[in-house]
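**Q** I am attaching a structure below and will ask some questions about it afterwards.
The values are calculated or read from the model by the stated rules, or taken from the named source; none is laboratory data. Predicted, not measured: the structure shown is a model, and the values here were computed from it. Because the Cβ atoms are built from the backbone with ideal geometry, glycine has one as well, and the counts that use them run over all protein chains shown.
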Amino acid sequence: MRNLWPFLVLAVVALALVLDWRLGLVLALWLGAWLFNAGLAEGRAPWRRYAVPAIFGIAVLALWEMAVALYAISPVILPAPSAIWARMTASVPTLWADFVQTFVKGALSGYVIGCGAAVLTAIAIDRSPFLQRGLLPVGNFVAALPIVGIAPIMVMWFGFDWQSKAAVVVVMVFFPVLVNTVAGLAATDRMQRDLMATYSASYWQSLWKLRLPAAMPFIFNGLKIATTLALIGAIVAEFFGSPIVGMGFRITAEIGRLGLDMIWAEIAVAALAGSAFYGVVAMIEKWVTFWHPSQRN
Amino acid sequence: MRSILPILTVVLAIVCVWYLAAVRMNATWVHDQAARAGQEVTLSQVIPLTLNQERPVLPAPHQVVKGLWDGVTGQAVTSKRSLVYHGWVTLSATLLGFVIGTAAGILLAVGIVHNRAMDQSVMPWAIASQTVPILAIAPMIIVVLNSMGVTGILPKAIISAYLSFFPVVVGMVKGLRAPDAMQLDQMRTWSASDAQTLWKLRLPASMPYLFASLKVGIAASLVGTIVGELPTGAVAGLGSRLLSGSYYGQTVQIWAALFAAAIVAASLVAIIGWIERGTLRRMGMAAR
């Protein structure tokens, strides 16, 4: 049965070629890449773990390019990857200005303020189990709400510039980080806390030397969730009003002009920025929580 | 039950802070008006004036509740000013997209678990997609589909579908792999086929993971639908209420729409939680 697959694929491609040569070409590329990957995935060499997804990604891009060219899809519906790349390289200054406005000024400042406030709040309510019991369900509840909806209110309060975007981001990242930090501060077990007590450690000493380090895996979990939320918050808040620079502004403005290649370029930048942001936080996590079982190989 | 009192205390504290903030933020306008009329206002006169403005900077909680109440019960359900009407527009697109996204996500997860090539090709991208602000494509999808003649509920449903799709894929793959080697070996000793293993072991074992990702997915779906309602220029739906409120400075309308969205989101998550508890209890998998 396994050996029949290539023949079956050939038959399908041949049939499609006869019916519609363009469909046949698309199918041939797709199934060819698929068979190649299937063969590659059988092996166990470590490099294949990177090669297989990379080939999949390249195949999708090639299919996209081919489909757009063969079927002559209008660029106002779906621009080809090459057109998007050309647009990206041609408008680096614009993309950079948008990136600085949305990511550095809006998302990053809001992220730092929001996460900092959340960790401090968690430490502040740490001494009161009463407040914790009250705040945790509220925090969990708020974390499930469509908080981006506060964007128009923040734009009214803080104006069109990046301050209003940062404010949206602060509110969006606050609750996930708060809930995770509170859970993390409760993560030490009785034996460890008793040990600190036998050393006659003060509250602050045991917080600083035992409970905060033990909470780090939880805090970083919240911080990683917050990276994506921060970028989403900053972009969506710009849909409600922004100065004439910024990723969200560019997306809405180019929609009006049907400049879809520019929109895709912004989305590519947003995707890169989002992954890089997550990667940096994950790297800091690795460095801070090197002792945790999940970080040891 | 013992956390009722703390929760009420926290909520009460939030409402108090809200009232204080409303007085503070709206007082500027009252003072301006008084100065223009050449009058002096005392603090006791300012406070009631700040809490009942037509377009306050921050509406007081009772104004939001009144706006919400008027929106829900004050109009006919079919009226353009009814929050029930707008809420239903949003909710129907959310649910349609959520069902499509969940079904596609489960199917892909089944494929990933059974096919090594699919696992290695797709899974890294599905995980990476969690760090990408895919919500940013929402306005483009709406406009492109509009230009192709697809309008109404479907474009919004597509956005809500792809937002719920990725969490379900990632969660379900984890869930379908939850059975340990011992259990899989047991199925093999019974010479169970792949399909039998899927139906009798993998799917039941994945239920806790499925429900966890459904809760994430439906919240994401709702956000997707609301954002999807923005670029068409405030036609219908809770997102358009937010947008038109921000165009015309109708702050009470914004807050009422925001709370309506919050109530919808909370109810959806609660319903899934309720189904989860019932299902897991009947399957003997309940946590407590």
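**Q** So which of B:Ser206, B:Ser246, B:Ser240 ends up being buried (at least 18 other Cβ atoms within 10 Å of the Cβ), of a type in the set (S, T, N, Q) and more than 30 Å from A:Ile251 (Cα to Cα)?
**A** From the options B:Ser206, B:Ser246, B:Ser240, the qualifying one is B:Ser206.
**Q** Taking A:Arg133 as the residue in question, decide whether it is facing chain B (nearest Cβ under 10 Å), surrounded by fewer than 22 Cβ atoms within 10 Å (Cβ to Cβ) and basic (Lys, Arg).
**A** When the stated conditions are applied, A:Arg133 passes them.
**Q** Report those helices (runs of 4 or more DSSP H) wholly inside the stretch A:63-155 carrying at least 3 residues which are of a type outside the set (A, V, I, L, M, F, W, C) and in contact with a helix residue (DSSP H, G or I) (Cβ under 7 Å, 6 or more places away or on another chain).
**A** A:81-90, A:109-124, A:129-143
**Q** Looking for whichever is touching a Leu at 6+ places or on another chain (Cβ under 7 Å) and over 24 Å from B:Ala266 (Cα atoms) here; the options are A:Ala122, A:Ala118, A:Ala107. Which one fits?
**A** A:Ala107
**Q** State whether the residues of the stretch B:112-125 include one that is over 18 Å from the mean Cα position of the chain (by Cα), modelled with pLDDT under 90, over 26 Å from A:Arg48 (Cβ atoms) and in the same structural domain as B:Gly217 (by TED's automatic domain parsing).
**A** No, the stretch B:112-125 contains no residue that is over 18 Å from the mean Cα position of the chain (by Cα), modelled with pLDDT under 90, over 26 Å from A:Arg48 (Cβ atoms) and in the same structural domain as B:Gly217 (by TED's automatic domain parsing).
**Q** Keeping to the stretch B:244-258, report how many residues are at the interface with chain A (Cβ under 10 Å from one of its Cβ atoms), in contact (Cβ under 8 Å) with a residue 40 or more places away in the chain and either under 19 Å from B:Leu95 (Cα atoms) or of a type in the set (A, V, I, L, M) (or both).
**A** Looking only at that region, the number is 1.
**Q** Looking at this structure, is B:Gly237 in contact with a helix residue (DSSP H, G or I) (Cβ under 9 Å, 6 or more places away or on another chain), more than 15 Å from B:Gly87 (Cβ to Cβ) and assigned by TED's automatic domain parsing to the domain that holds B:Ile141?
**A** Values: in contact with a helix residue (DSSP H, G or I) (Cβ under 9 Å, 6 or more places away or on another chain): yes; more than 15 Å from B:Gly87 (Cβ to Cβ): no; assigned by TED's automatic domain parsing to the domain that holds B:Ile141: yes.
Criteria not met by B:Gly237.
**Q** Can you find a residue in the stretch A:202-221 that is surrounded by fewer than 18 Cβ atoms within 10 Å (Cβ to Cβ) and assigned to a loop (DSSP other than H, G, I, E, B)?
**A** Yes, the stretch A:202-221 contains a residue that is surrounded by fewer than 18 Cβ atoms within 10 Å (Cβ to Cβ) and assigned to a loop (DSSP other than H, G, I, E, B).
**Q** Report, ordered by the first and then the second residue, all pairs with beta carbons closer than 6 Å, sequence separation of six or more or different chains, a first member in the stretch B:59-80 that is farther than 18 Å from B:Ser244 by Cα and free of Cβ contacts under 8 Å to residues at least 12 places away in the same chain, and a second member that is surrounded by 13 or more Cβ atoms within 10 Å (Cβ to Cβ) and among the aliphatic types (A, V, I, L, M).
**A** Going by the 6 Å Cβ cut-off, the qualifying pairs are B:Val77/B:Val84.
**Q** Of the residues A:Ala282, A:Ala270, A:Ala265, only one is away from every other protein chain (no Cβ under 11 Å) and in a helix (DSSP H, G or I); which?
**A** Numbers: A:Ala282 fails: away from every other protein chain (no Cβ under 11 Å); A:Ala270 fails: away from every other protein chain (no Cβ under 11 Å).
It is A:Ala265.
**Q** Working only within the stretch A:249-297, note down all residues that are of a type outside the set (D, E, K, R) and in contact with a Lys or Arg (Cβ under 7 Å, 6 or more places away or on another chain).
**A** A:Met262, A:Ala265, A:Tyr278, A:Val281, A:Ala282, A:Gln295
**Q** From the list A:Gly159, A:Gly139, A:Gly149, A:Gly134, exactly one residue is out of contact with any Gly (no Cβ under 7 Å at 6 or more places or on another chain) and in contact (Cβ under 8 Å) with a residue 24 or more places away in the chain. Which is it?
**A** A:Gly139
**Q** Give me the residue from the stretch A:137-171 that is in contact with a Leu (Cβ under 9 Å, 6 or more places away or on another chain) and at pLDDT 90 or above and, out of that set, nearest to the other protein chains (Cβ to nearest Cβ).
**A** It comes out as A:Val169.
**Q** Output the residue which, of all residues in the stretch A:136-180 that are among the polar types (S, T, N, Q) and farther than 15 Å from A:Gly110 by Cβ, is surrounded by the most Cβ atoms within 10 Å (Cβ to Cβ). Reasoning before the result, please.
**A** Step one: list which residues in the stretch A:136-180 are among the polar types (S, T, N, Q), which gives A:140, A:163-164, A:180.
Next, only the ones that are farther than 15 Å from A:Gly110 by Cβ stay: A:140, A:180.
Numbers: A:Asn140: 14, A:Asn180: 26.
Top of the filtered list is A:Asn180.
**Q** Based on what the data block shows, is B:Gly175 in contact with a Phe, Trp or Tyr (Cβ under 8 Å, 6 or more places away or on another chain) and more than 14 Å from chain A (Cβ to nearest Cβ)?
**A** So B:Gly175 passes the test.
**Q** Oh, and also: Please find, within the stretch B:210-237, the residue that is farthest from the other protein chains (Cβ to nearest Cβ) out of those that are of a type in the set (Val, Ile, Thr) and surrounded by fewer than 22 Cβ atoms within 10 Å (Cβ to Cβ).
**A** This residue is B:Val235.
**Q** Name the one entry in B:Leu95, B:Leu12, B:Leu8, B:Leu20 that is of a type in the set (A, V, I, L, M), in the same structural domain as B:Gly249 (by TED's automatic domain parsing) and modelled with pLDDT of 80 or more.
**A** Checking each option against the conditions leaves just B:Leu95.
**Q** Follow-up. Among residues belonging to the stretch A:199-255 that are facing chain B (nearest Cβ under 9 Å) and without any contact (Cβ under 8 Å) to a residue 40 or more places away in the chain, point out the one that is nearest to A:Phe290 (Cα to Cα).
**A** The qualifying residue nearest to A:Phe290 (Cα to Cα) is A:Ile251.
**Q** Taking the stretch B:143-158 as the region of interest, how many residues are buried (at least 19 other Cβ atoms within 10 Å of the Cβ), facing another protein chain (nearest Cβ under 9 Å) and over 17 Å from A:Thr252 (Cβ atoms)?
**A** Residues meeting the conditions: 0.
**Q** Pull up the stretch A:222-260, narrow it to residues that are in a helix (DSSP H, G or I) and of a type in the set (Ser, Thr, Tyr), then point me to the one that is farthest from B:Ser244 (Cα to Cα).
**A** Applying the filter and picking the extreme gives A:Thr227.
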